[in-house]
Amino acid sequence: MTEIIDWHAHWVPPEVVDLLAGRSSEPKVVRELGIRFFATEPGSRQPIKETQLDLSARIDEMDRVGVARQVLSLAVVLGHFLARLPPHLEQALVEANNAGLGRLVQNQGNRFSALAALPLAQLDKAPAVLEKAIVEQGLLGAIVPADAFADKAAAQQWRAIFEVANRHRAHLFIHPGPMPGGVPGPVATDEAQMVRRRAIAFQDSLTAAVVTFEFTDFLDPFPDAVVHLANLGGTIALLAERIAMTAERMELPSHLASGRLRRTFVDTASFGARGVALAAQVLGVDRLVFGSDSPALAIAPAFQGVATAGLGAKNTQDILTGKAFSSHG
């Protein structure tokens, strides 16, 4: 088997932690009795998960599973979405993150590639940030929040970013996450709320984004941009059959009724063999790539989910090696 690539993995560069450690007010990183904490507001803090920042431990885990490369991005800043942090701090965090990822790719490009963060509260600056990330920092593209594509009207704000991605044939990773000003979901006080927030809400946001990309003409001007959604694209594999069965009632043209993806790709993160098998059958195995959501989730179960999905040796290898992206365009 050729090189296995994990397209859905995250990391917080030390440049981001150092920036927060140098602040005198919240949000900031503080150290007490040898333990570092992230204090988001007075009286509220949580210990930093140091093992998730440790690249040596990560490489050891990759080697145990047989993963040759991870594509890293900043999904959350030490457990908090970028859009939930003060807007005045966002630009500095974006710059620190992208500089750190650029340094990592330059020094350890044999094991890691990376996707930039973009300034969500200042989208007018985002195209230049993406351009710099690709041209100067050696990054593949950017991670962007799924909530930005809840419908076509919302997506229009990102046209300039997609123009840059299209010009460079760059990679845009659509990951669960809010935009600034979005209403936070309720605090999880029990198991049901936690499932609604971290499973249903996350998957619903990805499903809405898939619908925007696949059922509108938003992507038509950007054929060379690579659009990749996390977590099998939400629940679209399950809903595809319902869409097909009700297509006539919804007056959908026939090319939109099959359920197969035409413009986007999805990764296998957060799913096992059953989910991967369904997505391969419904969405098309040529639209799937391997992802783990490391380090929040272990790499091995994600790998086993693909390996035991019963897709055949060639299809399994194609997913694990990211052939869908190499075949794009």
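The antiparallel fraction among DSSP beta bridges confined to the stretch 71-182 stands at about 10%.
Go ahead and run the numbers for FRET between ALA247 and VAL135, Cβ-Cβ distance against an R0 of 35 Å, rounding to 0.05. Step by step, r from the Cβ atoms, then E = 0.25. How would you classify the stretch 191-281 from its alpha-carbon gyration tensor, with a ≥ b ≥ c the square roots of the eigenvalues: rounded for a/c under 1.5, else prolate if a/b is greater than b/c, otherwise oblate? Because a/c hits 1.5 or more and a/b exceeds b/c, the stretch 191-281 counts as prolate.
Extension gain for the segment GLN281 to GLN46, taken as residue separation times 0.36 nm less the Cα-Cα distance, is 80.4 nm to one decimal.
Given the chain, what percent of its DSSP beta bridges are antiparallel, to the nearest 5? The partial results should precede the final answer.
Numbers: 10 of 33 bridges.
Percentage antiparallel, nearest 5: 30.
Between amide H atoms placed 1.01 Å from N, distances below 5 Å from ALA116 occur with LEU140, GLY141, ALA142, ILE143, all of them 5 or more places distant or on a separate chain.
Report the FRET efficiency, 1/(1 + (r/R0)^6), for THR2 and ALA257, where r is their Cβ-Cβ distance and R0 is 35 Å, rounded to 0.05. Efficiency at R0 = 35 Å is approximately 0.50. Shape verdict for the stretch 1-125, please, from the Cα gyration tensor: rounded (a/c under 1.5), prolate (a/b greater than b/c) or oblate. Oblate, since a/c reaches 1.5 and b/c is not below a/b. Under 5 Å from the amide H of SER292 lie the amide H atoms of TRP7, HIS8, each residue being 5 or more positions distant or on a separate chain, with H modelled from the backbone and absent for Pro and chain starts. Here ILE200 and ARG103 are evaluated by their C-beta separation; at R0 = 45 Å the FRET efficiency comes out at 0.75.
Is the C-alpha gyration tensor of the stretch 173-235 telling us rounded, prolate or oblate? Criteria: a/c under 1.5 is rounded; beyond that, a/b larger than b/c is prolate, otherwise oblate.
Details: a/c = 2.96, a/b = 2.23, b/c = 1.33.
Verdict is prolate for the stretch 173-235.
In terms of the mean number of neighbouring beta-carbon atoms within 10 Å, the peptides 188-197, 292-301, 316-325 order highest first as 316-325, 292-301, 188-197.
Since every read-out is calculated from the coordinates, none of them should be taken as a lab result. Predicted model, so just to flag it, every value in this text is computed and none were measured. Note that we place each Cβ from the backbone using ideal geometry, even for glycine, and neighbour counts take in every protein chain shown.
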